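The values are calculated or read from the model by the stated rules, or taken from the named source; none is laboratory data. Predicted model, so just to flag it, every value in this text is computed and none were measured. Here the Cβ positions follow ideal geometry from the backbone for every residue, glycine too, while neighbour counts run over all protein chains shown.
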């Protein structure tokens, strides 16, 4: 991989490399162990080497075992991932929770096994999420509608996240 890693200090050899994730179900890809796909297999370690230190510095990431990426990134981008993260909206408990620190499962358990949870939003009375996968022309789109409220007041928030 050529180019410069934006923050080499945060590099972890146990991260996984992802190229062109437009999959609706990255969890299925992440647990597959056939040495091909969009995300490196669990157990594959990464090595980071700086080439040509100085103004023309390039960084290289190599894999401990062979892996065939099935897609080419039109934007020539790759991502390092250290695990799964889930956001679960539950009006029954009036909350939106963030789950992290767990591995990939297919199908994913709700709540995820072994995850650490944090409350992000309370007083939730309704929510809806819609994901549109990315394409060669644009990133994926996540639309969130969250209704917050008490008996006397209701606020509806809507956001659209693109990456």
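Of the numbered conditions (1) more than 22 Å from residue 139 (Cα to Cα); (2) at pLDDT 80 or above; (3) in a loop (DSSP other than H, G, I, E, B), residue 72 fails exactly one; give the number of that condition.
Looking at each condition in turn, residue 72 falls short on (1).
Results for (1) surrounded by fewer than 11 Cβ atoms within 10 Å (Cβ to Cβ); (2) at pLDDT 75 or above; (3) farther than 19 Å from residue 84 by Cα; (4) touching a helix residue (DSSP H, G or I) at 6+ places or on another chain (Cβ under 9 Å), shown as yes or no for each residue.
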position: 107; (1), (2), (3), (4): yes, yes, no, yes
position: 114; (1), (2), (3), (4): no, yes, no, no
position: 121; (1), (2), (3), (4): no, yes, yes, no
position: 145; (1), (2), (3), (4): no, yes, yes, no
position: 154; (1), (2), (3), (4): no, no, yes, no
position: 157; (1), (2), (3), (4): no, no, yes, no
position: 161; (1), (2), (3), (4): no, no, no, no
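Given the residues 40, 65, which is the only one that is assigned by TED's automatic domain parsing to the domain that holds residue 15, at pLDDT 80 or above and within 19 Å of the chain's Cα centre (by Cα)? Spell out how you get there, then give the answer.
Numbers: 65 fails: within 19 Å of the chain's Cα centre (by Cα).
Answer to the selection: 40.
Would you call residue 23 surrounded by fewer than 11 Cβ atoms within 10 Å (Cβ to Cβ) and modelled with pLDDT under 80? Spell out the reasoning first.
Details: surrounded by fewer than 11 Cβ atoms within 10 Å (Cβ to Cβ): no; modelled with pLDDT under 80: yes.
So residue 23 fails the test.
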